[in-house]
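The structure appears below as structure tokens.
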Amino acid sequence: MMRNIQKRLVLISVGVALFFQFIGSAYAEGFYTMIDGELERPTGYREWVYVGTPLTPNDMNNGKAAFPEFHNVYIDPKSWGHWKNTGEFRDGTILIKELVGVGSKAAVSGNGYFQGDFVGLEATIKSSEHFPDELGNWAYFSFSTPDHQSLTDSASAFPKEACNACHLASAADDFVFTQYYPVLRMGKAAGMDAIGGVKSNLN
Ligand code: HEC
């Protein structure tokens, strides 16, 4: 009798532990958190999938580029998997654009543009749940501070005119500038060919 009760207790505690493990992993799958309409600053994105680095330097834009830094762009791994398999951005996609200043223009390899310090962070999210009224359900955020010395802990979405309109007009795929991100361009619905090192050592 006693042993039966003990067995049951063990089974119940295993069940409870599994339940919490399930809740924990479901929670960990979220790559962003919205609280009261504000996006909490995402974390861990340098371990997501890196897609490319556009650069619009000041000295090629009359000294006043809108974004004079390098733009290191990352996509969350779940959305990368979906893109690789379907060629579409899933509901829930988040892309991060980390701004990095031009640190130096000369190296032992030659003259050029070399990455310096991190100076800002932006994000875009496609969510029909959170942004039903935005064009394409994409909303745009910035955590950069005016002095580029720190980041804010949360951000509210920019108005459509500030960001979405240009992305709608000029981006190659569903508001995203995939034409400038070779990893997404080559990887679109490419399945295992998207992962690199498959066709040739340049793909
Ligand atoms: C005049 C057009 C234009 C406007 C306005 C604009 N962007 Fe972009 N955005 C681009 C281009 C072009 C790229 C890709 C090349 C690059 O980063 O320079 C880009 C890339 C991005 C990316 C990387 C993911 C993607 O969609 O390609 C984010 C995030 C982003 N912009 C955020 C913003 C935010 C936030 C605003 C509003 C404050 C904004 N953008 C306004 C043209 C624009």
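Derivation of every value follows stated rules applied to the coordinates shown; laboratory data play no part. Since the model is a prediction, treat every value here as computed from it, not as a measurement. With ideal geometry, Cβ positions are generated from the backbone for all residues, glycine too; neighbour counts draw on all protein chains shown.
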Going through Lys97/Lys188; Lys97/Lys160; Lys84/Lys160; Lys160/Lys188; Lys64/Lys188 one by one, the pairs whose alpha carbons sit over 30 Å apart turn out to be Lys64/Lys188
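Please give the FRET efficiency for Glu129 paired with Thr56, using the beta carbon to beta carbon distance and R0 = 35 Å, rounded to the nearest 0.05. Present the calculation step by step, with values, prior to reporting the outcome.
Values: r = 33 Å, r/R0 = 0.94.
E(calc), rounded to 0.05, equals 0.60.
Calculate the FRET efficiency for Ser104 and Ala172 from the Cβ-Cβ distance with a Förster distance of 30 Å, rounded to the nearest 0.05. It would help to have the intermediate numbers written out before the result.
Numbers: r = 31 Å, r/R0 = 1.04.
Given R0 = 30 Å and the Cβ-Cβ separation, E is 0.45.
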For the Phe114, Thr86 Cβ pair and Förster radius 41 Å, calculated FRET efficiency rounded to 0.05 is 0.65
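Work out, step by step, the length gained on full extension between Asp36 and Ile195: first 0.36 nm times the residue separation, then minus their alpha carbon distance; give nm to one decimal.
On the way: separation 159, 0.36 × 159 = 57.24 nm, distance 3.72 nm.
Roughly 53.5 nm would be gained on extension.
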Amide H neighbours of Leu121 at under 5 Å, excluding residues fewer than 5 places away on the same chain, with H built from the backbone geometry, are Leu99, Phe143, Ser144
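For the stretch 35-193, what's the relative contact order in percent, using C-alpha pairs closer than 8 Å and at least 6 residues apart? Intermediate values should be presented prior to the final figure.
On the way: 306 pairs, mean separation 36.1, N = 159.
Once divided by the residue count of the stretch 35-193, the mean separation gives 23 percent.
Need the full-extension length gain, Leu151 to Gln179, defined as separation in residues times 0.36 nm minus the C-alpha distance. One decimal, nm.
Numbers: separation 28, 0.36 × 28 = 10.08 nm, distance 2.83 nm.
The Leu151-Gln179 span can extend by a further 7.3 nm.
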